[in-house]
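Written below as structure tokens is the structure these notes are about.
The values are calculated or read from the model by the stated rules, or taken from the named source; none is laboratory data. These figures come from a predicted structure and were not determined experimentally. All Cβ positions, glycine included, derive from the backbone under ideal geometry; neighbour counts span all protein chains shown. The protein model used for the area step is the full one, side chains on, heavy atoms only, and it has no ligands, DNA or RNA in it. Shrake-Rupley method; radii C 1.70, N 1.55, O 1.52, S 1.80 Å.
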There are 2 protein chains.
Amino acid sequence: MDMHDLTRELKTANDSKIIMLVADGLGGLPQQPGGLTELETANTPNLDALAKRGVSGNSIPVKPGISPGSGPGHLGLFGYDPLQYMIGRGALEATGIGFELTDKDVAIRCNFCTLDDAGLITDRRAGRIATEESAPLAIKLREVSIDGIEVFVEPVKEHRFVVVLRGEGLGGNVADTDPQATGVPRLAPRATDADSERTAEVAAEFLRQAGELLAGQPKANGLTMRGFSAKPDLPTYEEVYGLRAAAVAVYPMYKGLAQLAGMEVVGNAQTLEEQVDVVREHWDDYDFFFVHFKYTDSTGEDGNFDAKVKKTEEFDAAIPGFMELNPTVTIVTGDHSTPAMLSSHSWHPVPTLMVADYCRTDRVESFGEAECLAGGLGQFEAKYLMPMALANAGRLGKYGA
Amino acid sequence: MDMHDLTRELKTANDSKIIMLVADGLGGLPQQPGGLTELETANTPNLDALAKRGVSGNSIPVKPGISPGSGPGHLGLFGYDPLQYMIGRGALEATGIGFELTDKDVAIRCNFCTLDDAGLITDRRAGRIATEESAPLAIKLREVSIDGIEVFVEPVKEHRFVVVLRGEGLGGNVADTDPQATGVPRLAPRATDADSERTAEVAAEFLRQAGELLAGQPKANGLTMRGFSAKPDLPTYEEVYGLRAAAVAVYPMYKGLAQLAGMEVVGNAQTLEEQVDVVREHWDDYDFFFVHFKYTDSTGEDGNFDAKVKKTEEFDAAIPGFMELNPTVTIVTGDHSTPAMLSSHSWHPVPTLMVADYCRTDRVESFGEAECLAGGLGQFEAKYLMPMALANAGRLGKYGA
């Protein structure tokens, strides 16, 4: 019996509202040992007030020591065991641009690249070609025709686009063709399991025809394929939690991830202020709101400590707007840490707080990595956050007699 | 390899004594956010002294966010994974009145109820009929005769009694016949799996004959059936831990639960003082003593904060009596939280302490929810308490070379 078996059995309905505010890559590291992290450096009066009112802790995204990508990071927050459920990058990207995958699909993230006369890669991103130039080329690739296969090609941004192959017997396990280097040829598509042999053949044919269609292009005369993936099979928020769930995100990847969990993407907010507005407008229509803030992660990825501090303060400033809606349960967390010191996702636990009427307040007085160590949530695997939120919302009955 | 595989392999015998003092529903909530819980409010000098001497933490009965019933709550304390082992309420109640279930049995909790002329329920508890009136009626129901089935009917208390059906091919999965409402008819017994079809038929025949036997009774002219369950299959304390275990409880349910784990119910104590006496009398006969104190839970269920504080203080006052016996390992815990603020079992972790010569004392100075957050046991799933107790008793060898 896993956690979803439990929540399926115990879930009850009521009028409560749960809001989960995710500051991507929230956790950090000090610039010097013993110093303060980005979050601890930032002036965050609103988050501190929530930490004082609520119960805090540190969330382990997957397992101790494991640095997650955005997929597993969010799956954990959504209560899906990230070791049980896996989402390929292609599937995530396709869903994020609004492409509805079916069970017959394999989605692939593609990059335009520049090849020399010998077929060696000279630029893995085709000179970061502008979207205005690349989108028509992606659309031109729709001319590829493969027997028994429906081919979809969707522009994304700059050198990036998505290919979806639809047909019978297409497994999702094919290795990337991007060699992650220049001066070398691209790799041929290679199935990593027997069920994906056909997919590798179809991908090779796609690449052959695409080469002809792109011949003579100055920048984008080739392409690489990454993140082959079939549609992941996630049970929905409605089914496992009884929640009508809305996602309020700016970036396609996070919208896509939320959709795979059965959330509806609402609004078209581009800023935190607009995200507050979108949540307010849809407050009566949903039981659960996932709000995603990207810039704590991207500044961390840039290795810019001060910028991450500033983005954390912007995130803090938006908190009162959400709290005015008086949610039954408020969660503030991140999908993983992105310390500016590492310029990358990391394995460090993520400061997390929950505010609700019966959350058993602890002695934590402000929101930060060290302070959260004294919190009542302790260190916990992210996948337990949703059951705790449901309990605090009065949405879980008693287990057993 | 689960924890019982480990303890089976590693257990060693010695003369140590382990005592587990369970204050039912021990954990609580403050009356105002930021205030003190019941346990923190109570004057508990003896528990505080143990917390100072020992190692403390907060126990998660099942999983984060899950509020357990008494069954899963105790299974966890006894070291049985409450998601792996499930005990039906009928089996629990039957065992609790000393009825020894066999593999051919299905046990059912029954309530006398009052029906009107149209067969609609007017009182689900037959006016809480006195035991003196109800017990003879339960015994009268032993006249029910069903081909191929041995029928047992045992009075419990007031409107409650137990029916055990013994025969071949009786599955334990039949839905309750109590509609949990008045002014409606009772539900017919309905099997929820194919193996329980015969059970549902036998139960229907029992109800038919019982209706004739109860006809004309002023209050108890009908009955409802709940918690159908076969005998749960638990390995014994002796087998998994090598412990001769005794249970010293007042209420039938906790005696029954302990028996299912292979403990022997000893004494007939009605008060904590008598429980101390019973433990003392049997001190040489057993390696492990489970002592159950009910009233921290029942006052919490009543929503009576002050009464729970008082009962917690009574529990504290009994501690020296147990400690005079000089146990090798002393555990104080609860099977779940029952905050008076919620008047129900809850999901909140349960303050827990362990005292033993080598328990690695922490900095906890008193026994309470917030203080335990700083304890050396951290937050841990209740099922790990028994392995920790065995280790502290010197009863577990090394794992691996």
- [ ] Among the residues of the stretch B:341-364, write down those that are open to solvent by 10 Å² or more (accessible area, probe 1.4 Å), within 14 Å of another protein chain (Cβ to nearest Cβ) and not polar (S, T, N, Q).
- [x] B:MET341, B:LEU342, B:HIS345, B:TRP347, B:PRO349, B:ASP362, B:ARG363
- [ ] Could you tell me whether any residue of the stretch B:221-229 is of a type in the set (D, E, K, R) and under 25 Å from B:LEU385 (Cβ atoms)?
- [x] no
Open item on the list: Being open to solvent by 30 Å² or more (accessible area, probe 1.4 Å) and closer than 16 Å to B:LEU207 by Cα is the requirement here; does B:PRO155 meet it?
Closed with: no
- [ ] Look through A:LYS17, A:LYS52 and report the one residue that is within 26 Å of the chain's Cα centre (by Cα), surrounded by fewer than 24 Cβ atoms within 10 Å (Cβ to Cβ) and charged (D, E, K, R).
- [x] A:LYS17
Task: Residues that are open to solvent by 20 Å² or more (accessible area, probe 1.4 Å) and either touching a His at 6+ places or on another chain (Cβ under 6 Å) or among the charged types (D, E, K, R) (or both), drawn from the stretch B:365-393 - done: B:GLU365, B:GLU371, B:GLU381, B:LYS383
Open item on the list: Among the residues of the stretch B:34-49, what is the count of those that are polar (S, T, N, Q) and either more than 26 Å from B:ALA317 (Cα to Cα) or open to solvent by 10 Å² or more (accessible area, probe 1.4 Å) (or both)?
Closed with: 3
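From the list A:SER70, A:SER145, exactly one residue is of a type in the set (S, T, N, Q) and open to solvent by less than 30 Å² (accessible area, probe 1.4 Å). Which is it?
On the way: A:SER145 fails: open to solvent by less than 30 Å² (accessible area, probe 1.4 Å).
Answer to the selection: A:SER70.
Could you list, in sequence order, all residues of the stretch A:118-159 that are part of a helix (DSSP H, G or I), without any contact (Cβ under 8 Å) to a residue 60 or more places away in the chain and among the charged types (D, E, K, R)?
Correct list: A:ARG128, A:GLU132, A:ARG142.
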Open item on the list: I'd like to check something: does the stretch B:161-168 contain any residue that is within 23 Å of the chain's Cα centre (by Cα) and surrounded by fewer than 17 Cβ atoms within 10 Å (Cβ to Cβ)?
Closed with: no
- [ ] Hey, could you check the stretch B:169-191 for residues that are open to solvent by 30 Å² or more (accessible area, probe 1.4 Å) and charged (D, E, K, R) and say which is farthest from B:ILE149 (Cα to Cα)?
- [x] B:ARG186
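Of these, A:THR7, A:THR12, which one is over 25 Å from the mean Cα position of the chain (by Cα) and not hydrophobic (A, V, I, L, M, F, W, C)?
Details: A:THR7 fails: over 25 Å from the mean Cα position of the chain (by Cα).
That would be A:THR12, the only listed residue that is over 25 Å from the mean Cα position of the chain (by Cα) and not hydrophobic (A, V, I, L, M, F, W, C).
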- [ ] Find the helices (runs of 4 or more DSSP H) located wholly in the stretch A:192-306 whose residues include 3 or more that are surrounded by fewer than 17 Cβ atoms within 10 Å (Cβ to Cβ), and list them.
- [x] A:197-214, A:272-281
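Assess whether B:LEU170 counts as being in contact with a Lys or Arg (Cβ under 7 Å, 6 or more places away or on another chain), part of a loop (DSSP other than H, G, I, E, B) and at pLDDT 95 or above.
Values: in contact with a Lys or Arg (Cβ under 7 Å, 6 or more places away or on another chain): yes; part of a loop (DSSP other than H, G, I, E, B): yes; at pLDDT 95 or above: yes.
So B:LEU170 fits the description; yes.
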Open item on the list: Name the single residue that is most open to solvent (accessible area, probe 1.4 Å) among those in the stretch B:81-106 being more than 12 Å from chain A (Cβ to nearest Cβ) and at pLDDT 95 or above.
Closed with: B:LYS104
